[in-house]
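Structure record follows, encoded as structure tokens.
Values quoted throughout were computed directly from the atomic coordinates according to the rules given, and no laboratory measurement underlies them. All figures in this text were calculated on a predicted structure; none of them were measured in a lab. Neighbour counts run over all protein chains shown; Cβ positions are idealised from the backbone, glycine included.
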Amino acid sequence: MDLTKSFPRSPKATIAGVTMAARAADKGRASAAGTLGEYNYDCPM
């Protein structure tokens, strides 16, 4: 996922009933690919 060109999924999107998991996965994939853009992956949650 290239977050310099599109947005991650909504924080309300769910994976197996878990909110924020889809968004975190999108950010993790973008971070691994080096295309995180201005999104900060180091969330203290």
Relative to the longest principal axis of the chain, what angle (0 to 90°, nearest 10) does the C-alpha long axis of helix 21-33 take? 20
In the neighbourhood of A21 defined by beta carbon distances under 14 Å, the net charge of the other residues (Lys, Arg +1; Asp, Glu -1) is +4
What value, in deg cm²/dmol to 500, does the helix sum -39500 (n - 2.57) over DSSP H runs of n ≥ 4 give at 222 nm once divided by the residues of the chain? -9000 deg cm²/dmol
Given 10 Å bins starting at zero, what is the percent of C-alpha pairs of the chain in each, up to the one with the largest pair distance? 31, 54, 15
